[in-house]
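The values are calculated or read from the model by the stated rules, or taken from the named source; none is laboratory data. Remember, it's a predicted structure, so these values are computed and weren't measured experimentally. So basically every Cβ, Gly included, is an ideal-geometry build from the backbone, and we count neighbours across all protein chains shown. Ligands, DNA and RNA are excluded from the accessible area calculation, which covers all protein heavy atoms including side chains. Shrake-Rupley method; radii C 1.70, N 1.55, O 1.52, S 1.80 Å.
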Amino acid sequence: MRVSISLLLLMFVFTSLHAAEEGALEAGMINPGYHEQPAWFKESFLDLGEDIAEASAANKRVLLYFYQDGCPYCAKLLEDNFGNKAIADKTRENFDVIALNIWGDREITLPSGKVMTEKQFAESLKVQYTPTLLFLDEKGKGVARLNGYYAPHRFSVVLDYVAGRHEKQMKLADYYARQKPVASKGKLHSEPFFLPHPLKLADNRERSWRPLLVIFEQKSCQPCDEMHEDALSREALVLALSNLDVAQVDMRSRDRLQLPDGREMPAREWAAELGIQYAPSLVFFDADGKEIFRSEAYLKSFHLHAVLDYVLTGAWRHQPNFQRFVQHRADTLRAKGFAVDLMK
């Protein structure tokens, strides 16, 4: 037992030291225990030859994700990286992700036919950090390997590199240097019209006639940065928001808040209960505290303004299909001679 505990502690130290290259462990970060993986990860029979063939037939590649329970940086990968809808969508489109526990006893069949357990396989690959991600090509050869946690802007570049088969033209380091990805600010942005903390949303519903907008965000979130720096700095959008009560919730926080229905719980538990997967996500509640509409992930200014009008005008009561509402809105503006750019 002492040997096992020592090995676990040593592995945790290795993980923490490597993650320090991306910045120190965030304040308040704790051992998360088991962390639920996205439902879109592949349920594999762990026959890697078959997995690679199936992925290749779908014009995808296999991504092996080595994890361990209690790894805070595994939790960070699942929350910050796959909590970014653009990254999650890109990964789902181009990869079959197979999760492997570095201490696991499930049997894996290699393309060569050799059989070994998860922990034996991890040891054979000298996996020393969690998370470790190994990208395989169509022949089962490693194309790229990430030892430890990589922030979303860096991780996204690696996805592009492997999905685009760029290893045939250049090394990953050269490709990364060309892309010059922008890191997130790593903080929550405050707005003067946000409700004050600690949030008392049921009390707010009793006092206010305005609909309530709850914006779920997280600190490591480049789309959140863009939303605040672009959309929420536009006069027309701020005027529209003045007809709402707006609350910001850190979807990863353990701080407690009062929900619109009067219950109290940590913010992260409420986000999980609502099924919030991506940051930012916008959830609208009526005067009685009942959810009436939601929009997941960051929308450009035109769409965000359309979302606000959809709720504020009550159109959601008569037109249940938001996309039809948006299309009608765009067609009406164009008919009046206004230029409509859906990407602005």
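Things to note:
- Computed over protein heavy atoms with a 1.4 Å probe, the carbon and sulfur contribution to the accessible area of the range 69-137 reaches 46%.
- Under a 5 Å amide H cut-off, with hydrogens placed 1.01 Å from N, Gly186 pairs with Cys221 among residues at least 5 apart or on other chains.
- Long-range HN-HN contacts of Asp47 with modeled amide H, under 5 Å: Thr109
- Relative contact order [Cα under 8 Å, 6+ residues apart], the range 48-155, whole percent: 36
- Taking the Cα centre of the range 200-240 as reference, the dipole from Cβ charges on Lys and Arg (+1) and Asp and Glu (-1) amounts to some 340 debye.
- When the solvent-accessible area of the range 210-344 is split by element, carbon and sulfur atoms take up 49 percent of it, the probe being 1.4 Å.
- For the range 212-325: rounded, prolate or oblate by the Cα gyration tensor [a/c cutoff 1.5]: oblate
- Residue-wise HN-Hα coupling along the range 126-139, computed from phi with Karplus coefficients 6.51, -1.76, 1.60 (Hz; x: Gly, Pro): 6, 6, 10, 10, 10, x, 10, 10, 10, 9, 10, 8, 5, 9
- Taken about its Cα centre, the chain carries a charge dipole of about 660 debye when Lys and Arg each add +1 at the Cβ and Asp and Glu each add -1 at the Cβ.
- Over the range 224-344, relative contact order from alpha-carbon pairs under 8 Å, at least 6 apart, %: 20
- Across the chain, Cα pairs under 8 Å and at least six residues apart give a relative contact order of 13 percent.
- Accessible area per residue, Å², the chain with all protein chains present, probe 1.4 Å: 52
- Put simply, the amide H of Val249, placed in the peptide plane, has neighbours under 5 Å in Ile215, Phe216, Glu217, leaving out anything fewer than 5 places away on its chain.
- Selection from Leu199, Tyr67, Ala88 lying farthest towards where the dipole of the chain points positive, charges on Cβ: Ala88
- Antiparallel bridges, percent of DSSP beta bridges restricted to the chain (to nearest 5): 60
- Three-way shape label, the range 49-111, alpha-carbon gyration tensor, a/c 1.5: oblate
- Shape call, the chain: gyration tensor on alpha carbons, a/c limit 1.5: prolate
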